[in-house]
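Student: I'd like to ask some things about the structure below.
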Amino acid sequence: MTTIELLSNPVPCAPPLRHGHMVAMFVDLDHFMRICTDDPPEAVFSLIGGFQRVVTAAVASFKGELNSYQGDGVLAIFGDVAGRTDCATRALRCAREILEHIEALGLYYVSISGHPTSVSIGLQYGPVWAGTIGISKRFGPTLIGDAVNVATRLEQQARQLDAQVVVGNEVIQRAQQESGSHACELEQFVNVGPLFVHGRTSPIHVWKLQTRSAELLPNNDTDIEPRVGNRSAKS
């Protein structure tokens, strides 16, 4: 089939589209290119399997919806469910649980490969559309929306920010509305100010999960000069 024929016969979208404000979460294994290069295939497949099991179980336990595995990355969404309007709270709890279990997985992996492992996580709250497009029915719904794009970009900035979890300010605001400004899910999150990410003309105010006590200081200054995110892909 020629390109002209393909364009003249667009793949129909199966209605209806789902739409709502949700938290998008993207989780990615760190240093995966190096791992694939340096470690034996059996060890790499063992790591991927463990990683996928950890993320799948965590997302399910916090009533999220796993959308897709993208190589060494996982995309999931968290929307409000019947009787509960706490999608941001559940997403933040899920991110913390993933970190805890990945730490245990990393201890096992280093024992068989000699290399530690870790993950980076990006989260953003905003409008998300989900729909099934023709041949993608077998792969699950396609997600589009600013929250999905930003979550992916924030995950890519985690290393530059010396963090494992990076979230947009909209997630923090929503979590505060759900649980109050002193919610335990917000402990250890510090404001790192505005950040420019690829594809956005205006900066995004972001927060990171910080475990070092020296950096656990309130930072509400919104006049910080915007950072310029590193747009190169992680290796």
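Student: Along Cα→Cβ, 7 Å out, is where each label goes; now give me the distance between the ones at Gln173 and Phe45 in nm to one decimal.
Tutor: 4.7
Student: Tell me the label-point distance for the pair Ser61, Arg34, using the 7 Å Cα-to-Cβ offset, in nm and rounded to one decimal.
Tutor: The modelled label-to-label distance comes out at 2.9 nm.
Student: For labels at Arg53 and Arg84 in the simple 7 Å Cα→Cβ model, what's the distance in nm?
Tutor: Using points 7 Å along Cα→Cβ, the separation is 2.4 nm.
Student: Here's a follow-up. Length gain on complete extension for the stretch Glu187 to Ile144, per 0.36 nm per residue less the alpha carbon to alpha carbon distance?
Tutor: Details: separation 43, 0.36 × 43 = 15.48 nm, distance 3.01 nm.
Result for the pair: 12.5 nm of gain on full extension.
Each reported figure results from applying straightforward, stated rules to the coordinates on display, with no laboratory input. Here the structure is a predicted model, which means the values were calculated and not measured. Ideal geometry is used to build each Cβ from the backbone, glycine not excepted, and the neighbour counts take in all protein chains shown.
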